[in-house]
């Protein structure tokens, strides 16, 4: 079965420090990859996506992610976080099986930025 | 502005009552979805619809029902058969149905249901 693993349920970090949120998936076939952000009591917003091409993807709010096919990972990074980045972050994987494409979400990582 | 509108934002209901959550989109997207979100469990798919007058069960459809009579509307009914209905419910849409697009979803602001 396909799965998406976000190893860290919570990540505390000081403001202006770098951060990496990890996402691994299990699939041997082609995938599209997404990171979404959710602020309290709101819906999810797309941060960035990988469909094809360059494995380094840049998104909104200064975030970027790198697709690593050999390690089946799509980690999210930001070189310097701000208080306003405090939110929950979800990794999602769209697995292209040809007969039954499936979108699976990770369980989320709560990023807490502290002064 | 195009988007997805969910209502109500907050809803309280007594045990044994059915309740319907509204989801409307003006993006002209083909597919619509309902997810349930509980703390620490991520998003779980309840139902999805890829075309008007058709819908499929997701991973946790028991105790829920939907309809898709219009392209822009996909209401979710939480029935009294749902044993633990207190949760945050998210409606989403995609430009094309699964298998035809990229899988990118556009989300509404969510509806928080509390059963008293």
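The values are calculated or read from the model by the stated rules, or taken from the named source; none is laboratory data. Note that this is a predicted model, so its numbers are computed, not measured. Reconstructed Cβ throughout: ideal geometry from the backbone, glycine too, with neighbour counts over all protein chains shown.
Taking only the range A:27-84 into account, find how many residues are within 13 Å of another protein chain (Cβ to nearest Cβ), within 16 Å of residue A:107 (Cα to Cα) and crowded, with 20+ Cβ neighbours inside 10 Å.
8
If you scan the range B:78-105, which residues turn out to be within 9 Å of chain A (Cβ to nearest Cβ), crowded, with 21+ Cβ neighbours inside 10 Å and either within 17 Å of residue B:7 (Cβ to Cβ) or in contact with a helix residue (DSSP H, G or I) (Cβ under 9 Å, 6 or more places away or on another chain) (or both)?
B:90, B:91, B:92
What single numbered condition from (1) part of a strand (DSSP E or B); (2) modelled with pLDDT under 95 fails to hold for residue B:16?
So the condition that residue B:16 fails would be (1).
Taking residue B:104, is it at pLDDT 95 or above and in contact with a strand residue (DSSP E or B) (Cβ under 7 Å, 6 or more places away or on another chain)?
On the way: at pLDDT 95 or above: no; in contact with a strand residue (DSSP E or B) (Cβ under 7 Å, 6 or more places away or on another chain): yes.
Here the answer is no, as residue B:104 does not meet what is asked.
A quick yes/no check of all residues on (1) free of Cβ contacts under 8 Å to residues at least 40 places away in the same chain; (2) over 25 Å from residue A:108 (Cβ atoms):
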{"position": "B:53", "(1), (2)": "yes, yes"}
{"position": "B:59", "(1), (2)": "yes, no"}
{"position": "B:64", "(1), (2)": "yes, no"}
{"position": "B:67", "(1), (2)": "yes, yes"}
{"position": "B:71", "(1), (2)": "no, yes"}
{"position": "B:76", "(1), (2)": "no, no"}
{"position": "B:83", "(1), (2)": "yes, no"}
{"position": "B:93", "(1), (2)": "no, no"}
{"position": "B:105", "(1), (2)": "no, no"}
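All but one of (1) surrounded by 15 or more Cβ atoms within 10 Å (Cβ to Cβ); (2) more than 13 Å from chain A (Cβ to nearest Cβ); (3) over 10 Å from the mean Cα position of the chain (by Cα) hold for residue B:75, so report the exception by its number.
(3)
Tell me which of these residue B:2 doesn't satisfy, since it passes every other one: (1) part of a loop (DSSP other than H, G, I, E, B); (2) surrounded by 14 or more Cβ atoms within 10 Å (Cβ to Cβ).
(2)
Of all the strands (runs of 3 or more DSSP E) wholly in the range A:1-88, which have at least 3 residues that are under 30 Å from residue B:23 (Cα atoms)? Full working, then the answer.
Numbers: elements: A:3-5, A:10-14, A:19-21, A:24-26, A:31-38, A:44-50, A:56-58, A:64-68, A:73-78.
Where strands (runs of 3 or more DSSP E) fall fully within the range A:1-88 and carry at least 3 residues being under 30 Å from residue B:23 (Cα atoms), they are A:3-5, A:31-38, A:44-50.
Can you name every residue in the range B:78-116 that is under 10 Å from the mean Cα position of the chain (by Cα), closer than 20 Å to residue A:48 by Cα and assigned to a loop (DSSP other than H, G, I, E, B)?
B:108
Considering only the range B:12-57, how many residues are within 13 Å of another protein chain (Cβ to nearest Cβ) and surrounded by fewer than 17 Cβ atoms within 10 Å (Cβ to Cβ)?
6
Pairs, please: C-beta under 7 Å, at least 6 apart or cross-chain, first residue on the phi > 0 side of the Ramachandran plot and in the range A:51-76, second assigned to a loop (DSSP other than H, G, I, E, B) and surrounded by 13 or more Cβ atoms within 10 Å (Cβ to Cβ)?
A:72/A:27
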